[in-house]
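Worksheet for the structure shown next.
Just so it is clear, none of the values below were taken in a lab; they were calculated from the coordinates. In this text the structure is predicted, and so the values were computed from the model without any measurement. Here Cβ is always computed from backbone atoms with ideal geometry, including for glycine, and neighbour counts include all displayed protein chains.
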Amino acid sequence: MIRIFTIHHKLEWISYVQKAAEYDFYHTWHYHTLETGGAPILVVYQEHDDFIGIPLLRRTIPGSEFFDLSCVYGYTGPFSNKKIEELDESLMGNFKRAFLQFLSDEKYVSVFIRMHPFFKQQLLLKEFGGVHENGLTVVIDLSLSIEAQRERYRQSTMDAVKHARKRGFVIKDEKHREAVAVFVNIYQETMKRVGASDYYLFNEDYFVRILNTNEYDARLLTVYDGDEAICSTIVTFTNGIIQAHLLGTRAEYLHHSPSKFLADEISIIGRSAGMRYYNLGGGLGFKEDALFKWKLGFTDLCLPYKSWRYVANPCAYQELLAKKNIDKNSDIDFFPLYRYV
């Protein structure tokens with residue numbers, strides 16, 4: 001049976017996530033309360049004690065009677081009380097039938113999910129079709145000793161870490177309002193410098209809220225050169241995984257590469273917190289660009305990053321494309337294509 005929980009069902013949402021065998025902070029109720037791009041829902045299929053849950057964003061499709069489903073910024077996808085690879089075939093089959101019926105009944109045209117690179121969610125979603133290979137995400141393995149980890153660094157990366165220590169750069173772990181204001185200043189400067197879209201220009205309240213929760217461990221870590229804050233990041237520690245969520249560096253300090261020093265220090269902090277992996281993420285749009293190559297300066301360990309791009313109502317999907325004069329055979333890498341601007 002499919003059950004739908006909204007953001008108003010706080011206790012139920014939290015309960016299902018906490019019972020999951022694998023989840024990240026992106027799945028949590030609190031993180032979904034920050035979302036403004038759609039109405040958060042948690043779809044749960046349950047048989048006795050076993051369940052499959054998927055957090056999603058319900059969105060209206062302007063000018064139509066239809067809706068679609070997307071996900072929050074980050075890696076979400078389905079979770080369960082068992083690892084996906086341990087789920088019974090009959091449970092997965094019953095989930096598929098129930099979820100397809102739900103999509104039909106509620107007039108959903110498509111579903112888009114950024115899948116989690118550490119969980120085998122494709123074993124469940126491949127039965128629907130629409131699993132898309134996006135690229136790679138770069139991961140530091142914290143089960144290695146710090147010495148073995150650093151042996152994998154590119155020489156320029158190791159030189160930058162040593163340079164930062166020689167200059168006396170230090171890391172501060174702070175969450176007070178003044179520290180958040182400093183982070184916002186550095187982060188927004190960085191986003192404007194790289195030409196990021198308005199989607200990434202979160203306001204100060206967003207950062208205060210993302211840091212203040214007991215559903216996951218979020219930290220604001222800032223590099224200081226004396227009294228000057230020069231580089232800052234928000235990272236999360238959840239179930240053995242560190243996620244490099246957001247990062248900024250002051251332009252005048254770019255040549256000192258404080259972000260490399262910061263990443264090295266986070267790997268040390270992560271070990272002391274019992275973390276297993278530090279996910280640095282991929283390139284812009286998960287392309288193998290300069291950002292991706294920068295991250296490869298720490299490690300050659302990469303995991304495949306996939307998305308789920310499922311068309312639930314092909315006829316409605318084609319009609320929506322036709323309304324916007326978009327060729328259905330277009331090679332534009334965007335989904336759903338009828339929302340492409």
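Just list whichever of LYS287/LYS328; LYS10/LYS82; LYS82/LYS260; LYS83/LYS172 have alpha carbons separated by over 29 Å in the model shown. Checking Cα-Cα distances, LYS82/LYS260; LYS83/LYS172 exceed 29 Å. Based on the convex hull around the alpha carbon atoms, segment 143-275 presents an average projected area of 8.5 nm². Partner aspartates and glutamates whose Cα lies under 13 Å from the Cα of LYS192, excluding those fewer than 8 positions away in the same chain, are not found. What whole number of Å gives the distance from the Cα centroid of segment 321-338 to the Cα centroid of segment 223-238? Answer, in whole Å: 41. Taking the fewest neighbouring Cβ atoms within 10 Å as the starting point, the ordered list for ILE7, ILE241 is ILE7, ILE241.
In this Cβ point-charge picture (+1 for Lys and Arg, -1 for Asp and Glu), the chain has a dipole of about 420 debye about its Cα centre.
Taking a straight line from the alpha carbon of LYS323, these lysines sit under 21 Å away, with near neighbours fewer than eight places off in the same chain left out: LYS107. In order along segment 183-192, the Karplus-derived 3J(HN,Hα) couplings, from 6.51 cos²θ - 1.76 cosθ + 1.60 at θ = phi - 60°, round to 4, 4, 4, 5, 5, 5, 4, 5, 4, 5 Hz, and Gly and Pro are given as x. Based only on Cα atoms, what mean projected area does the convex hull of the chain have, in nm²? Directional mean of the projected Cα hull area for the chain stands at 17.8 nm².
Assuming a viscosity of 1.002 mPa s and a temperature of 20 °C, what translational diffusion coefficient in µm² per second does Stokes-Einstein assign to segment 241-341, Rh being the Kirkwood radius over Cα pairs?
Values: Rh = 17.1 Å.
Rounded to a whole number, D works out at 125 µm²/s.
Fewest neighbouring Cβ atoms within 10 Å first, the residues CYS315, CYS302, CYS71 line up as CYS315, CYS302, CYS71. For segment 136-203, the pair-distance distribution built from all alpha carbon pairs, in bins 10 Å wide starting at 0, is 15, 25, 39, 21, 0 percent. Take every pair of alpha-carbon atoms less than 8 Å apart whose residues are at least six positions apart; their mean separation over the length of the chain yields a relative contact order of 21 percent.
Applying a 10 Å radius around every beta-carbon, put 146-156, 183-193, 73-83 in order of their mean neighbour count, most first. Intermediate values should be presented prior to the final figure.
Working: 146-156: 13.2, 183-193: 18.1, 73-83: 21.5.
Ranking, from highest mean packing down: 73-83, 183-193, 146-156.
Most tightly packed first, judged by the mean number of other beta-carbon atoms within 10 Å of their residues, the peptides 168-176, 280-288 read 280-288, 168-176. As a length-normalised measure over Cα pairs under 8 Å and 6 or more apart, the relative contact order of segment 227-341 settles at 17 percent.
Here the contact order of segment 143-275, divided by its residue count and restricted to Cα pairs under 8 Å and six or more residues apart, works out to 28 percent.
What are the semi-axes of the equivalent ellipsoid for segment 22-170, taken as the square roots of 5 times the Cα gyration tensor eigenvalues, largest first, in whole Å? Show your work: numbers first, answer last.
Working: eigenvalues 288, 82, 38 Å².
So the equivalent ellipsoid measures 38, 20, 14 Å along its semi-axes.
Annotation: amide H-H contacts under 5 Å for LEU246 (H modelled 1.01 Å from N, sequence separation of 5 or more, or interchain): ILE234. Annotation for segment 267-287 versus segment 23-63: alpha-carbon center distance of 24 Å. Against the chain, whose longest principal axis comes from its Cα atoms, helix 89-105 is set at around 70 degrees.
What does the charge count around ALA39 come to, taking other residues whose C-beta lies under 11 Å from its C-beta (Lys +1, Arg +1, Asp -1, Glu -1)?
+1
Note the angle between two axes, namely the Cα long axis of helix 155-167 and the longest principal axis of the Cα atoms of the chain, as a number of degrees from 0 to 90, rounded to the nearest 10. Here the helix axis deviates by roughly 60 degrees.
Straight-line reach from LYS166: taking Cα to Cα under 17 Å and skipping same-chain neighbours fewer than 8 places apart, the aspartates and glutamates in range are ASP225, ASP227, GLU228, ASP264, GLU265.
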